[in-house]
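What follows is a set of notes on a single structure, which appears directly below.
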Amino acid sequence: MNDATTTGTEPRLPSPTGPLPRYRETPKQRGRLALELLVGLVAALGVAGAALIATSGSDPEGAGLSIFYAILPLPVVWFCYWWLDRYEPEPRRYKIAAFVWGGVVAVAIALALQIFIQETWDLSEDTMASVIAPVTEEPAKCLFLLLTFVRWRRVIDGFLDGLVLAGIVGIGFAFIENIGYYLDSYLGSPDTKLAGAEGATLTFIVRGIFSPFAHPLFTSAFGIALGIAVMCRSRVLKVIVVVLGLTASIGLHAVWNSSLSYGGGRGFIQAYLALAAVLFLLGVFAIVVRVRQVRVLESSLAYVSERGWIHPAEIPYLSRFRYRRRARRYAKKNHGKVALKAIRRYQALATQMSFLHAAMMSGRTMPHGVERTYALLDAMHELRPYLRLPPALGSRRG
């Protein structure tokens, strides 16, 4: 192992040039291109559908305002899930697919079922909102996570993975649903006192400011359950956990929707405070697990370094965020864009390898675990000629 390459000590190495070695997933996922094209097509249909919903009232101002209000909370909500997902990020294509599924496929499935049920049984609006909507919308959203797990189990290997993907599905669903709500409020009805921009703004305050995490929260119950089920060895227990998770998702949604229909203003406030408390506890728990990821990462990297697979001086630059950023700044400033790309990819590969290695060391059964671990180590080794890290920190840790 070249210590000058791994620790940034003298002699100073020349800046790397040329394209980086290409990393290929092991084992390779079949049908990936076809699925990516399908997601792109569905996304295009979703954009067309959203535009159709927004313009259905033949009012350009109302359509523009509805879309604007639906987009406004997205950066904040998305950032929260991006922050939780930083240490062991899910594949970008699956996060995009989750958003598209929530905003297009889940909406289409739920809407079709609701129209069929309404035309068949002629239920009241309160029953449709309080019972039918949760029973149709949550399974439609949760189906993405189940299909993802069946197709590519490695994507969801813990409760935090399930929480993140479920939240993104909920974000997509809420985005499209909100466009319809804002437009209805803008157009008004005989039963409402406010319409136009005032009506849409009032609805935005309720849905976009005070409850932007509602749909992500509902679906998160199933995502967490699926992540827990991955760690269960008994198939019966897996099924029980997943069913309980789906029941919890439907239950949370039903509590929210029925609070105003059957409880009035007081019931709505009580339900809001209860779900806010659930969201707060979930957030605290997710943050604790995320912090624990740092310990797991450092411990796994230390074990790997003892085996001689990486240099001990690399560990801070692969684990703590401030040192990871320092390594990227150093590479870019002193050695250019190629070195920056190399350290970014090296950090990502090391993170995947470390969490996979830690999971196997804890006794969990990981699909193709050994094969994937060595493939990641090989990919890291191929990057070593391009790697330029800052000087070693010694015993200092952040």
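The values are calculated or read from the model by the stated rules, or taken from the named source; none is laboratory data. Source: prediction; values computed, not measured. When we count neighbours, we look across all protein chains shown, and the Cβ atoms used for this are built from the backbone with ideal geometry, even at glycine.
Taking (1) part of a helix (DSSP H, G or I); (2) at pLDDT below 75 in turn, GLU25 satisfies each apart from (1). Here GLU382 meets each of (1) over 24 Å from the mean Cα position of the chain (by Cα); (2) buried (at least 18 other Cβ atoms within 10 Å of the Cβ); (3) not aromatic (Phe, Trp, Tyr) with one exception, condition (2).
GLY264 satisfies every condition listed in (1) surrounded by 15 or more Cβ atoms within 10 Å (Cβ to Cβ); (2) at pLDDT below 85; (3) more than 26 Å from the chain's Cα centre (by Cα) except (1). Taken residue by residue, region 145-154 has no member that is surrounded by fewer than 22 Cβ atoms within 10 Å (Cβ to Cβ), at positive phi, at pLDDT below 90 and over 15 Å from the mean Cα position of the chain (by Cα). Just one residue in the set LEU237, LEU202, LEU260 is of a type in the set (A, V, I, L, M), part of a helix (DSSP H, G or I) and within 21 Å of VAL150 (Cα to Cα); that residue is LEU237.
Residue-wise test of (1) surrounded by 21 or more Cβ atoms within 10 Å (Cβ to Cβ); (2) outside the structural domain of LEU160 (by TED's automatic domain parsing); (3) among the acidic types (Asp, Glu).
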position: GLN270; (1), (2), (3): no, no, no
position: LYS333; (1), (2), (3): no, yes, no
position: LYS341; (1), (2), (3): no, yes, no
position: HIS357; (1), (2), (3): yes, yes, no
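Count of region 215-259 residues, restricted to those that are surrounded by 22 or more Cβ atoms within 10 Å (Cβ to Cβ), polar (S, T, N, Q) and closer than 21 Å to ASP157 by Cβ, is 3. Taken as a whole, the structure leaves SER354 outside the set of residues that are closer than 16 Å to GLU88 by Cα, small (Gly, Ala, Ser) and over 22 Å from the mean Cα position of the chain (by Cα).
Is it the case that some residue within region 223-241 is under 30 Å from GLU125 (Cα atoms), touching a Gly at 6+ places or on another chain (Cβ under 6 Å) and modelled with pLDDT of 90 or more? It would help to see each step written out before you state the result.
Within region 223-241, the subset under 30 Å from GLU125 (Cα atoms) is 223.
Now drop any that are not touching a Gly at 6+ places or on another chain (Cβ under 6 Å), which leaves 223.
Checking which are modelled with pLDDT of 90 or more leaves us with 223.
The answer is yes, given that some residue of region 223-241 is under 30 Å from GLU125 (Cα atoms), touching a Gly at 6+ places or on another chain (Cβ under 6 Å) and modelled with pLDDT of 90 or more.
Evaluate region 194-202: report whether one residue or more is free of Cβ contacts under 8 Å to residues at least 24 places away in the same chain, hydrophobic (A, V, I, L, M, F, W, C) and within 17 Å of LEU260 (Cβ to Cβ). Scanning region 194-202, I find at least one residue that is free of Cβ contacts under 8 Å to residues at least 24 places away in the same chain, hydrophobic (A, V, I, L, M, F, W, C) and within 17 Å of LEU260 (Cβ to Cβ), so the answer is yes.
So which residues in region 205-214 are buried (at least 18 other Cβ atoms within 10 Å of the Cβ) and in a helix (DSSP H, G or I)? Explain how you work it out, then say what you get.
We begin by selecting, within region 205-214, every residue buried (at least 18 other Cβ atoms within 10 Å of the Cβ); these are 207-208, 211-214.
Answer for region 205-214, where residues must be buried (at least 18 other Cβ atoms within 10 Å of the Cβ) and in a helix (DSSP H, G or I): ARG207, GLY208, ALA214.
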